[in-house]
Amino acid sequence: MNNILEDQIIKLLEQKKNISVHELSERLFVSDMTIRRYLNKMQEEHILRRFHGGATLLEEHAARPENKLSNTVSDAKWKVGKKGAEFLQNLCHSEKISSLAFLSGSTVLSMIQQIDFKIKAAVTTDSIATAYELSTSSISDNVIMIGGKISQPDLNVFGILADQALQSLSFDYCFTGIAGISTNGDLYCYEYTHASVINTIFSSSEHIVIMADHSKIGRSRLVRICPVDSRFILLTDDASPKEMLDLLQKKGMIIP
């Protein structure tokens, strides 16, 4: 599973030889319990060594120059995930939300890993990784995992069974990452097998929150999903080009 929180823990451990659970919790805006759970998992994977109250990175996982670009993108994705968590928290406080959809993807996972409040609304997802993260972190007691065929290696659900299950559901808000947003305001995903599930959820959602870092803005991909309209809200990082954001706003997209 693509795990943004693990990447961030490794980056902080690269900066300091030893780091405490409390400092990781403070700097990554997640609970001590979540940090301990991830540190234990990463120790089992021989990424780091635990000591009482903290951890140290094993030598073979030190930073390499060729990873700098991916780290920059990972940082941006983490920031967008934080914006998503804050946006959701404000929604839960200001509106009566009964049903949410969390689509698959690493940006959605980065959002979930930064949620430090209980979600009372039902949360439906097409992703085994997302369902696992929600359930094991105790963020939600009402997680709905749709059925269908499982794609490899990302563990997303797709196909006729998934589409049929989703047709009977409706959502106040859908949260999703995206492969690209073109200069024409069209949204794209990576795989055609996933496009049908995305479109079905979009059709059943009153509002759709797109979380996309600057690397996705102004880019098209293989599979077109749909054009943006006034139902769509974009959460992005500060590096996104202003002229592109202005264009998307003219097409009706809301950019807080």
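Do any residues in the stretch 205-226 that are in the same structural domain as residue 123 (by TED's automatic domain parsing) and crowded, with 22+ Cβ neighbours inside 10 Å have Cβ atoms under 7 Å from those of residues that are at pLDDT 90 or above and of a type in the set (Asp, Glu), where the two are at least six apart or on different chains, and which pairs are they?
Hits for this filter: 213/237.
Just checking, how many residues over the stretch 152-181 are surrounded by fewer than 19 Cβ atoms within 10 Å (Cβ to Cβ) and part of a loop (DSSP other than H, G, I, E, B)?
Matching residues across the stretch 152-181 total 8.
Of 11, 82, which residue is at pLDDT 85 or above, among the charged types (D, E, K, R) and within 21 Å of residue 116 (Cβ to Cβ)?
Of the residues listed, the single one that is at pLDDT 85 or above, among the charged types (D, E, K, R) and within 21 Å of residue 116 (Cβ to Cβ) is 82.
Where residues in the stretch 8-36 are in contact (Cβ under 8 Å) with a residue 60 or more places away in the chain and crowded, with 19+ Cβ neighbours inside 10 Å, which of them is nearest to residue 57 (Cα to Cα)?
8
Within the group 142, 184, 199, which residue is modelled with pLDDT of 90 or more and within 22 Å of residue 240 (Cβ to Cβ)?
The match here is 184.
Yes or no: the stretch 220-242 includes at least one residue that is touching a strand residue (DSSP E or B) at 6+ places or on another chain (Cβ under 9 Å) and assigned to a helix (DSSP H, G or I).
There is no residue in the stretch 220-242 that is touching a strand residue (DSSP E or B) at 6+ places or on another chain (Cβ under 9 Å) and assigned to a helix (DSSP H, G or I).
Among (1) more than 21 Å from residue 78 (Cα to Cα); (2) in contact with a Pro (Cβ under 8 Å, 6 or more places away or on another chain); (3) at pLDDT 95 or above, there is one condition residue 235 misses while meeting the rest; what is its number?
Single failed check for residue 235: (1).
The values are calculated or read from the model by the stated rules, or taken from the named source; none is laboratory data. The structure presented is a predicted model; accordingly, all values stated were derived computationally and were not measured. Every residue, glycine as well, gets a Cβ built from its backbone with ideal geometry; the counts of neighbours run over all protein chains shown.
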